[in-house]
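J.: This is the structure I want to talk about, given as structure tokens.
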Amino acid sequence: ITMWHVLEHLREPRAALQRIAKLLAPGGLLVLEVPNLNFLPRKSYCYPMSRTLHLYHYSPVTLAALVESAGFRVLSCRPGHTGYLYPSRAKVLAKKSLYALTRVAHRLFGVNFGDSIRLYARSKESAA
């Protein structure tokens with residue numbers, strides 16, 4: 001089951017994840033992606049759309065804790081980048097430049113400031 005930028009819009013994300021854990025086939029995989037609260041530009045100024053559209057905000061730590069509490073075993077939870085789905089070439093170039101800077105910071109300082117978090121998990125029942 002995949003959820004790309006859905007969880008942050010749900011009123012009851014834990015309940016949704018618990019339901020998904022029950023629906024997931026034995027051995028099945030949950031893959032989800034949400035915006036990363038720790039993404040430096042996101043912390044440096046307010047995103048007006050983000051405040052009204054996103055009911056919840058996650059860091060890798062809080063996302064993994066939520067998914068674990070809903071009955072999953074987290075296999076991987078790390079920051080990354082969403083891609084370049086923009087109509088404007090200027091926005092694509094700006095985002096590519098920002099991604100390049102975050103990759104340099106990761107290599108030099110070991111800190112990943114990706115704009116999104118991608119998580120892979122299996123339900124605890126099927127993981128046993």
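J.: For a quick check: with amide H placed at 1.01 Å from N, whose amide H comes under 5 Å from Ile117's, ignoring anything fewer than 5 positions away on the same chain?
T.: Val34, Asn36, Gly80
J.: Taking amide H positions as placed in the peptide plane 1.01 Å from N, state which residues far from Leu24 in sequence (5 or more) or on other chains have amide H under 5 Å from it.
T.: The list, which skips near neighbours in sequence, is empty: none.
J.: Using R₀ = 25 Å, calculate the FRET efficiency as 1/(1 + (r/R₀)^6) where r is the Cβ-Cβ separation of Tyr120 and His5; round to 0.05.
T.: Efficiency, from the Cβ-Cβ distance: 0.95.
J.: Using amide H atoms built in the peptide plane, which far-off residues or other-chain residues are under 5 Å from Arg73 H to H?
T.: Here the answer is Arg122, Ser123, Lys124, since their amide H atoms fall under 5 Å of that of Arg73.
J.: Separate question: At Arg89 and Leu101, where each label point lies 7 Å from the Cα along Cα→Cβ, what is the point-to-point distance in nanometres?
T.: If labels sit at Arg89 and Leu101, their model points lie 2.2 nm apart.
J.: For Ser59 and Arg73 in the same chain, what is the full-extension length gain: residue separation times 0.36 nm, less their Cα-Cα distance, in nm?
T.: Net length gain for the segment: 3.3 nm.
Only the coordinates and a few stated rules stand behind these numbers; no lab work does. Model, not experiment: these values are computed from the prediction. A quick note on method: Cβ atoms are made from the backbone with ideal geometry, for glycine too, and the neighbour counts reach across all protein chains shown.
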